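The values are calculated or read from the model by the stated rules, or taken from the named source; none is laboratory data. Please read these numbers as outputs of a predicted model, since none were measured by experiment. Counting neighbours? That spans all protein chains shown, and the Cβs are built from the backbone with ideal geometry, glycine included. These area figures cover heavy atoms from the full protein model, side chains too; ligands, DNA and RNA do not enter into them. Shrake-Rupley method; radii C 1.70, N 1.55, O 1.52, S 1.80 Å.
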Amino acid sequence: MASSSTVMDLISTVHDDIIESHILTRLDSPTLASVSCASSHLHDLASNEKLWSKICCSTWPSVSRTIISDGSRSFFSDVYSVFDDTAGSVSDLDRPFPELISAVDLHYRGKLVLSRVVKRETTTSWFRSSPLRIDLVDHKDTVATPIKRGRRTEDTCRDLEKDLTLSWIVMDPTGKRAANLSSHRPVSVQRNWLSGEVEAKFATVVGSTSPEETVECVITVVTCGEEEMHVKEVSLKVEKMEGTHLNGKDSLVILRKVMEGKRGNGRRREKESKRKHQEFMEKKREMKEKKMKVELIFDILTVVFGILGFGSLVGVCL
């Protein structure tokens with residue numbers, strides 16, 4: 001087996017143009033990042049901005065229609081990595097940014113179904129006070145897909161959970177930071193028994209020291225149709241554990257925390273996102289049960305005091 005020094009000696013004999021044009025361009029992004037750490041020479045070659053720009057645009061087609069923040073390689077590092085809410089805190093979270101850019105790509109079995117960019121002003125009083133909701137598909141329209149509805153609902157849900165992938169990249173053009181809020185594959189897929197539509201949810205949980213302050217950035221993809229399915233809705237909301245949704249002002253604080261916080265290995269995105277979503281839903285269920293118990297006790301006490309009061313009133317009258 002050749003030693004690392006022997007391999008590097010062999011690579012040094014290859015012309016730089018051949019490495020850049022015929023070798024590095026064939027590598028996927030994680031491999032290219034690993035190669036850049038092998039030597040200072042390969043680091044220089046693998047740091048070519050045009051190379052990383054092509055990788056970003058091929059991985060996330062929507063970003064070709066917007067400005068990539070602070071260099072393609074830095075942008076890739078921001079978006080590919082996954083938010084790590086256990087690695088310290090972020091300062092100056094209340095610092096506003098005037099515009100929020102969302103670049104979204106939806107794939108089914110590797111085929112691009114939807115690719116759009118949405119820009120939202122964040123300084124208006126309406127945005128800051130209303131519950132945050134960013135929609136990609138107009139409520140009057142639908143997007144055609146190659147998805148075939150299965151004979152059974154379980155088959156359709158299993159198919160979407162396996163083959164539907166999504167990236168939702170949020171960008172702060174002022175701070176030149178970005179992050180991918182999606183879990184890549186759905187954390188849950190279920191049929192709406194009232195409408196018959198199938199809802200796939202992608203999510204990123206943003207933790208806190210207090211469970212009550214933990215929130216989840218939820219992306220919902222709604223599909224409809226009897227045989228060939230269409231995308232009816234693709235939307236983003238930030239949900240608290242109690243079930244309410246954050247307004248625009250508070251949502252920007254959460255998004256800034258994700259964009260500027262510590263990052264982990266992007267290869268763990270699917271596994272970690274699903275695990276955190278399940279933990280979030282379990283705590284949400286426990287909180288709901290606790291609230292119901294408290295309300296039940298309160299109702300019982302109200303009835304008891306009412307009976308005692310009525311009994312006292314009857315006793316006085318007699």
Q. In the range 154-162, is there at least one residue being of a type outside the set (Lys, Arg), part of a helix (DSSP H, G or I) and free of Cβ contacts under 8 Å to residues at least 12 places away in the same chain?
A. yes
Q: Being over 25 Å from residue 238 (Cα atoms) and out of contact with any Phe, Trp or Tyr (no Cβ under 7 Å at 6 or more places or on another chain) is the filter here, so list the residues in the range 140-171 that pass it.
A: 144, 148, 149, 150, 151, 152, 153, 154, 155, 156, 158, 159
Q. Which condition does residue 155 not pass, out of (1) under 17 Å from the mean Cα position of the chain (by Cα); (2) of a type outside the set (Ser, Thr, Tyr); (3) open to solvent by 20 Å² or more (accessible area, probe 1.4 Å), if it passes all the others?
A. (1)
(Q) Restricting to the range 123-142, name every residue that is closer than 16 Å to residue 224 by Cα and surrounded by fewer than 18 Cβ atoms within 10 Å (Cβ to Cβ). (A) 138, 139, 140, 141, 142
Q) Name the pairs: first residue in the range 46-62 and within 15 Å of residue 112 (Cα to Cα), second residue of a type in the set (Asp, Glu), Cβ to Cβ under 7 Å, at least 6 apart or on different chains? A) 60/105; 61/105; 62/105
